[in-house]
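Take a look at the structure below.
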C-alpha cells in the first residue's frame, strides 16, 4: 500500500496565482508604456528601466536584511513600472531611482512585504518625489518633440489659464503629462483586459471615474475633460484596484472609489495642486482599514446589517 | 460664516494638528492601537479642546489683555486646562469606568496634551473671536480624531502584518504616520 | 551609583528613543540644528529647575493637587525662558513660535516630576534632570542634523559650514512633517536592529 | 424567469465529469465487505450477529434503540469473520463487521408495500428498517428527517439533483437511467409529509438529465412536482444555496431548513426510498463514481462495505503514481490514508496522482478579496483565516465563523493558496471546545 | 505686579475650591493594594489562575485572599510579599512544572499537508501519527508558553525547568492533552500517554508504555501503578529512586533533570529528526 498524502479539502485549487495576476497586470500596462515611449522619447525607457531595477534591487536588499527569501513574484516590477508611469518624462534618472527605492523600502518592505503594506508603494514613491523635488516633478515635456521643451499639463493649463485641451488629444495621449497618464485609450485597453480576466473589480474604476464625472458636472465643470485629463484613468484602473491597499468587499470598493473621486475633484478645484489622483488614492488607502472593518457583506441567514459590530461592547 | 468654514477646514485638513503641527503626538501613538479606544480618546479630546477654547478665550480677552498680563498666558492657560481636565477625568472615572480603563494613563495625559494647550495658544496668537476660537478648537479636535482613527485602523491591520522585527511597534507606527502625513499633503495649499 | 542616575537619561532611558516622551517639540523644531539647540537649552533649564524645586517641596505638596502644582511650577520656569529668549534671541524666539511655551506640556518634564522628582532626593533629581536633558538634547540635535543635512544639501551649524554643499537639489520633504516622522522612525528602527543583533549573539 | 435566480457568490471549477457518459455497471461482489456500524449521523448501531454466524445479503446485522439512527444490513451473503475497530472513510474509528463472501448470493428481502394503501407510520418504519440515510453525503437518517419536530410544518420538498461537485456523476447517471424510480420516491416523501409542492433541482450542465426527469414526471402525472433547472455553479447543491435559489428563502443563521418549511433530499435517497417501499429492498448497494487517475473511470453499482482498493482494482488500478485517494468529491471529500470500506454516503472515490495531490506553496495574503466575493454565506474568509491563525477566537465570532459551511470555495479561488478552510475549521473547533 | 498676583490668586482659589468640591463629590475608591500586588505578580498574563490578566487576579485577591493560591507562576518571594500586603499567612505553596508525556516516537500513517499547527493537524483524519495519542510536533505548546520555557527541537520537546512554573497554558494548547502538570519535586516521569493495549502500542511506537507492569513490581513504595494500560506515578509516594526506570525495557520512564545547566527534561532520543518547520 503506497503512503498517501492527506490534506484537508478542497483537493483542487484554481490555477490563478499571485504571479499570474502580477504578470497579467504587467501585460495590461504594455500599451500604456508603449504610448509613453512613443510620445516622449527614449529617455522614458531609461526612466522605466531605472525604476524597475531600483525597485527590484531595493526589495532584494531589504528582504536580505530582514532575513527572508526573495521571491520574484512580479510585484516589485509592477511597483517600479507604475511609479515610472506616473513620473514626468524628463525626470533625472537618479531621482527616479530614489523614488522607487523609497517606495519599496518604506511603503512595502517596512510593513512586511507583499500583502502587508497600507499604502500603494508606487503612489508613495510619487508623493515622496513630489514633496521632495517639487520643481523637477512639475517640469513637463512636450509630446513628440523628443527634447525638453517645458509645457503645462492639460490640467495645469485649465487651472492656471483656463484653457481646455481637445478631447481627441486627451484620449490619444498627444498632450504633456506623466509618462503613462496621457493616453486614456491605451490605459482603457489594459484596464478592460484586466476586468475581462476578472483580475480587477470593475466597481472601483467605475465608481471612481463616475464620481469625478458626476461631481464635475454638478459643480459646473466639463465632466469629460475632467475624466480624460490627468492621471485619473491610470489611477482608477491600476492604482485604485491594487489588491493590497484597497477594501476587500465589493461595497467597500465602491465606497473607496466614491471617496477617491470626491477628493480628486476637491483637490483639482480648490487644492494647491493641479492634479489630485495620487493623493486621493493615498488618502483612501488610509481609510481602507476602517472601511474593511465596518463594511461587511450580509451573512446568509442573518437579517440585520450590523455596522460597528465588534466595537459595540468594548466601551464597558 | 465663510470665515468659520475656512477655520474649520484649515484645522481639520490643511493644518492637521497631528500630522502638520506635531501636537498631541503622545496620545496619537499611545492610544491608536485599537479603533474603539481611539474613538474614545478622540471624543474626549474634541470635548476638552472645544471647552478649553471656550474657557481660555474670555480669560485671555477679559483678564489678561486688559491688565497687560500677556506674559502670564502660559501659566494661566495651563492651570485652567489642568483643572478642567481633572474634572473631566473624575466624571468619566465615576460614571464610565470601562472607558476610563480603556483610556488608561492617557486621560491624565490630556492635561499635558500639547494639542489642547497648543490650540488655546493658537487661538490667542491668531486673535480669533470667541466663536472662531470654539470652532477652531472643535475642528482641531475633529482633525485629531480623524488622524487617530486612521492611525488606529492602520495599526489594527498591522497586527496581522509580518513587520520586520526592528520595525515592530513604534518604528512602523512612525513610518505609517510619515506616509499618512505624506497623504495629508494633498490638502497643503488648499484655498477656499 | 549616582553616575547611573545621570547616564541613564542619556542612553538607557533616553526620553525620546526609549521612553518616547516629548515627541511634539522634537519633531516640530528639528528642521534646523540651531532651533533644536535652542529648544533643548530651554528644556534643560526648565527641567533642571523644576525637578529641583519639586523635589525640594515634595513633602509639602498635597497629593490630590500635585499635578496642578507641578504644572504651575513648570509653567513659571517656562515663562522665564520665554521672556529671556524674547529679550536675548528674538529671532530664535520667533522661529520656535508656540513650541516654546509648549515646553510646559512637554511630557518629559511632567513625567520626570511625577515619576522621579516627587519621590527622590534633591541631588538625585538634579542628576536625573541633567541626564534627561542631555539625552533629549542629543536626540533632538541628532534628528535635526539628519533633517537639515538632507534638506539643505550641506551640513552647517549656525553659520559654520562643516561640509559644503554636496548636492544642488536636496529633498524638500525632509523639512516637512513626513520627513520628521520618517527620520525618527529610521533612527528608532536602527537602534532596535542593533539591540536585536546584540541579543542574538 | 425563475431560471436565472441564483445564490450569492460561488465558483466555477472545471467540472471534470469524465464518467458522465458511462452507464452504471454492476460491480463484482467483493471477497470481503466491512459493514461499519456507524455510517450515519446519530447513535452507532450495536451488532446483532456474532463472529462465525452466517448472514444473507440484506439481512439486518446492526441496529440501535436510539431515535436518531439507522440500522445496517449485510450487503453480501457470507460468514461474519470478525467484529472489530475499523477506520471509517470520514476519519473516525468505529466498530465494523467483516463479512467473508460465500458466493451463494442468498438474499433476504422485506415484503413490498403499496404506498397508496399503507399508513404513514408503516412507510416511515419501512424507511427506517431499510436503513436509509441521506445519500448526498450528510448521512442523516431519512426516517428522522421525514418526521419533523412538533410544530414545524413542511410545505415544500426539494430533491437535490444538482451534483455541483466536480468529478461526481453518480446522481447524474441515476437520473438518466432510473428517473421513474426517483419520481416515485419523491411521491412517497411528499405523501408522508402531506406536501403538494415538490421541486427537483438539476444543474443546467446536465441537460439530458433534466429532459429525462421531466419526461418521468409527466409519465407519473403528479402536477405538484416541478423539475427546476439550476445555474451551474458550485456549491449549488448545498442545502442553503439550493433553497435560496429555488424558493428565495433563507435559513436563518443557526437553524435548520425545516424551520422555514423546506425539506431537502438527495435524488439517490429518493431512489432508495422507492426501492425500500415498492420492492422491499434494504439499502445495501449504491452507485459510486470511481474517477480521477484510475485507468478506466466508471460508475459502479457497488455493495456497501466494499473496500476502496477493490473498486479501484475493478477500474483498472492506478494510472500513475498515486498521491491521494479521496472519499467524496474534490471540493468536500476526505483524503484517505488506508483501504477503508465504502459507506452509505460514499458517492465517489477520487484518485489523484502525486503531482495533483501536492498542496501548492502558501504565500502571503494579498487581500484580493476573491474569497469574500465567492463566499456563498457572505463571510469574510480572509479575515477569519487571519483571526483563527492569531487565535483571536472571540473576534472570529463577530465575523460569524460558525455560519461557515466549509464549502471550500474560498480556498479554491485563493491566489495565495492559503488553506483557508482548514484554518476556519480549526477556529470553529477551538470555539466549540471552549464552550 | 499686583494684578498678576491678584489674577493668579483668584484663579487659584476658584479652581482649588472647585476641584476640592468635585473630588469629594466624585471620589472613586481605589485600593492601592491592587497596584502593589499587581507589581509582585509575574505579569505573564498566562491565565492559569482563571483571570485574563494578572491585574484582574490582583483585584480579586484583595477581595478574597485565598485566591492567591490560584497563581502558579509567582516565586516564593513575591508570594510571601503578597501575603504580607494582605496581612495573611499561608503555608508553603505548591510548585509545579509541566512535562510532555510523549516520546514522539510513533510512526507516521500518512503524509500530512496543511496548516502546520498541532491543533489543525489533529483535525485531519485524527492526526498523521499512527498513535492516536502521539505528539504531533508542530509546537502549539511552545507558542502558548508565556514564559518561553518550552523549546522544540525536531519532534522533541524540552522544558526549561528554571523557567517553567506549571501555569498550564501549554496543557490547554495541546490538542492531545499530552502535557502533565506535576509537582516540582518529581524525579522521574512516564513519557507516554497512550491508554491503548500493549499490542497496539508496540506495533507503532518503540518507546510507548505497553502496560507490562515491570515498573510496578520494581517499585518498593508502590508509587507507580499501571492503570488503564499506562503507568502512572504518584509523586506523593515517589522518592525518585529510579528503580522503575531501570525496570522499564522500552525507555518509557525517564529522569527529570534538575541540574541548573541542563535545559533538557528529556534525554536524547535516538530517532533522527524527520521534518521540522
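Bear in mind that the values in this text are calculations on the coordinates, not laboratory data. Quick caveat: nothing in here was measured; it's all calculated off a predicted structure. Here Cβ is always computed from backbone atoms with ideal geometry, including for glycine, and neighbour counts include all displayed protein chains.
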Among D:289, A:245, A:150, E:38, rank each residue by its count of other Cβ atoms within 10 Å, from fewest to most, as a rough exposure measure.
A:150, E:38, A:245, D:289
Extent of segment C:38-116 along each principal axis, from alpha carbon coordinates, in Å, largest to smallest?
40, 18, 17
What is the Rg over Rh value, at two decimals, for chain D, using alpha-carbon atoms and the Kirkwood definition of Rh?
0.96
As a footprinting exposure proxy, order D:167, B:60 by other Cβ within 10 Å, with the fewest listed first.
B:60, D:167
Percent breakdown of C-alpha pair distances by 5 Å bin, ordered from the shortest bin, for segment D:226-362:
2, 9, 15, 16, 15, 15, 14, 9, 4, 1, 0
For segment C:94-173, count the residues as N, evaluate 2.2 N^0.38 Å, and divide the Cα radius of gyration by that value, please.
1.50
Using only atoms on other chains, find how many Cβ atoms lie within 10 Å of each Cβ of peptide D:377-386 and report the average.
4
Restricting attention to the alpha-carbon atoms of chain B, what are Rg (one decimal) and Dmax (integer), both in Å?
17.2, 59
For chain D, what is the relative contact order in percent, using Cα pairs closer than 8 Å and at least 6 residues apart in sequence?
19 percent
Averaged over residues of C:72-80, the number of beta carbons from other chains lying within 10 Å of each residue's Cβ is 4
Any idea what the relative contact order of segment E:96-255 is, in percent, if you count C-alpha pairs under 8 Å spaced at least 6 apart?
24 percent
Rounded to whole Å, give me the distance from the Cα center of segment E:150-181 to that of segment D:398-435.
27 Å
With no solvent term and unit scatterers on the alpha-carbon positions of segment A:125-262, Debye gives log₁₀ I(q)/I(0) at q = 0.14, 0.18, 0.19 Å⁻¹ of -0.70, -1.11, -1.20
When averaged across all projection directions, what area in nm² does the alpha-carbon convex hull of segment D:138-256 cover?
7.5 nm²
What FRET efficiency comes out for the pair residue A:49/residue D:105, r = Cβ-Cβ distance, R0 = 56 Å, nearest 0.05?
0.10
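If packing is taken as the mean number of other Cβ atoms within 10 Å per residue, what is the order of A:253-266, E:233-246, A:194-207, highest first?
A:253-266, A:194-207, E:233-246
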So for the pair residue C:197, residue A:145, with labels modelled 7 Å out along Cα→Cβ, what separation do we get in nm?
5.0 nm
Can you tell me the orientation of helix A:93-102 relative to chain A, as the angle in degrees between its alpha-carbon axis and the longest Cα principal axis, to the nearest 10?
20 degrees
Treating the angle as unsigned and between 0 and 90°, give the value, to the nearest 10°, between the Cα long axis of helix A:42-65 and the longest Cα principal axis of chain A.
30 degrees
Taking chain A as the reference, fit the longest principal axis to its C-alpha atoms, fit the long axis of helix A:18-40 to the helix C-alpha atoms, and give the angle between the two in degrees, 0 to 90, nearest 10.
0 degrees
Computed E for residue D:48/residue E:148 - FRET, C-beta separation, R0 41 angstrom, nearest 0.05
0.15
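Remind me, what semi-axes does segment A:18-293 give for its equivalent ellipsoid, largest first in whole Å, using sqrt of 5 times each Cα gyration tensor eigenvalue?
For segment A:18-293, the ellipsoid semi-axes come out as 27, 23, 17 Å.
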Considering all projection directions equally, how large on average is the shadow of the alpha-carbon convex hull of segment D:370-434, in square nanometres?
3.7 nm²
Bins of 10 Å from zero: percent of alpha-carbon pairs in the protein assembly as shown
1, 7, 13, 16, 17, 16, 13, 9, 5, 2, 1, 0, 0
At a Förster radius of 22 Å, what calculated FRET efficiency corresponds to the Cβ-Cβ distance of residue E:64 and residue E:95, to the nearest 0.05?
0.50
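Please express the shape of segment C:1-57 as an equivalent ellipsoid: the semi-axes are the square roots of 5 times the eigenvalues of the C-alpha gyration tensor, given largest first in whole angstrom.
After scaling each eigenvalue by five and taking roots: 22, 16, 10 Å.
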Along the Cα→Cβ direction, 7 angstrom out, place labels at residue D:155 and residue B:125. What is the inter-label distance in nm?
7.1 nm
Debye intensity ratio in log₁₀ form over the Cα atoms of segment D:255-300, taken at each q of 0.23, 0.28, 0.31 Å⁻¹
-0.84, -0.95, -1.04
Please report how far the C-alpha centroid of segment A:159-208 lies from that of segment A:232-288, rounded to the nearest whole angstrom.
14 Å
Residue A:34-residue E:3 pseudo-label distance in nm [points 7 Å out on the Cα-to-Cβ vector]:
7.9 nm
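Listed highest first by mean packing, meaning other Cβ atoms within 10 Å per residue, what order do C:80-93, E:95-108 come in?
E:95-108, C:80-93
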Given the options B:53, B:37, B:20, state which has the largest fluctuation in a GNM of chain B using a 10 Å cut-off (strictly under) for Cα springs.
B:20
Partner shielding of B:86-94, taken as the mean number of other chain Cβ atoms within 10 Å, equals 4
Using only the alpha carbons of segment E:96-255, determine the length spanned along each of the three principal axes and report them from longest to shortest in whole angstroms.
48, 37, 22
Roughly how far apart, in whole Å, are the Cα centres of segment D:122-142 and segment C:1-41?
78 Å
Choice from D:233, D:46, D:152 with maximal GNM fluctuation in chain D (Cα, 10 Å cutoff):
D:152
In deg cm²/dmol and to the nearest 500, what is the mean residue ellipticity at 222 nm of the protein assembly as shown if only DSSP H runs of at least 4 residues count, each as -39500 (n - 2.57), divided by the residue total?
-14000 deg cm²/dmol
If contacts are Cα pairs under 8 angstrom and at least 6 residues apart, what is the relative contact order of segment A:96-228 in percent?
13 percent
Whole-number value, in Å³ per residue, for the convex hull of the alpha carbons of segment C:2-200 is 137 Å³
